[in-house]
Amino acid sequence: MPSKSKYFQDVERFRKDMLIKTELCGFPMQFSTTYGLFSPKAIDEGSKLMLDYIKVNNDDNCLDIGCGYGPLGLSIAKLAPEGQTTLVDKDFVAIKYTEKNIQLNQLTNCETFLSNGLDQVGSRKFTLIVSNIPAKVGNELLSLFLIDSYNHLEKGGRFYVVTITGIRKYIERSFKEVFGNYKKIKQGKTYTVAMAIKD
């Protein structure tokens, strides 16, 4: 039964953690990941595009919605050492790995919450919110993200998203409806980075 043996060996290999070593925003970083999380073998191109174009203040209080294993939020935490960065995800495995990666990258200005949207962040307010919005998030969940983000932003706070380019017009309409404004930061062939400001 050699094929069965190989199959079982492969499964055991798939259970093992992977380690991504990379540079983001000029910082050497590493991320422990596992199968079942989004983009477990390498930092996804959408996150890298956002990090190339986002503007982060040294003292921003930041939030990463749907953080996965943390590449966006932890990079932003490095850029805002005088602020606090909160990372949330509805997947307990993602939060477990984000907590591992906070330790791996020796960050002390981060906190994590298992949260469906922002229902667990309490009354916290932020100056910067980011999200790598999944392509198939659905209109209902996107509406919740937008309204929750608006309500948790300080006046003048910025909300950055990266999405597949195919839904950029929908994102533009939604931003204008909720925030009253929209700015396209960078449009690539596959992904678009956009932002809105809470007036």
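Each reported figure results from applying straightforward, stated rules to the coordinates on display, with no laboratory input. Not measured: the values here are computed from a predicted model. FYI the Cβ positions are ideal-geometry reconstructions off the backbone, even for glycines, and counts take in every protein chain you see.
Points to keep in mind about this one:
- Here is the size of the chain from its Cα atoms: Rg then Dmax, 17.4, 66 Å.
- Hits among aspartates and glutamates - C-alpha to C-alpha of Lys155 under 16 Å, sequence gap 8 or more where chains match: Asp59, Asp60, Asp199
- Leu63 long-range amide H proximity, modeled H, under 5 Å: Thr86, Leu128, Ile129, Val130
- Rounded tilt (10° steps) of 168-178 against the dominant C-alpha axis of the chain: 50 degrees
- Residue among Gly68, Ile20, Ala196 farthest towards the positive dipole end of the chain, charges placed on Cβ: Ile20
- Using 0.36 nm per residue and subtracting the Cα-Cα separation, the extra length available between Lys55 and Cys25 on full extension is 9.7 nm.
- Using Cβ point charges alone (K and R +1, D and E -1), the dipole size of the chain about the Cα centre works out to roughly 640 debye.
- Positive-pole candidate from Phe31, Thr165, Ser115, dipole of the chain, charges at beta carbon: Thr165
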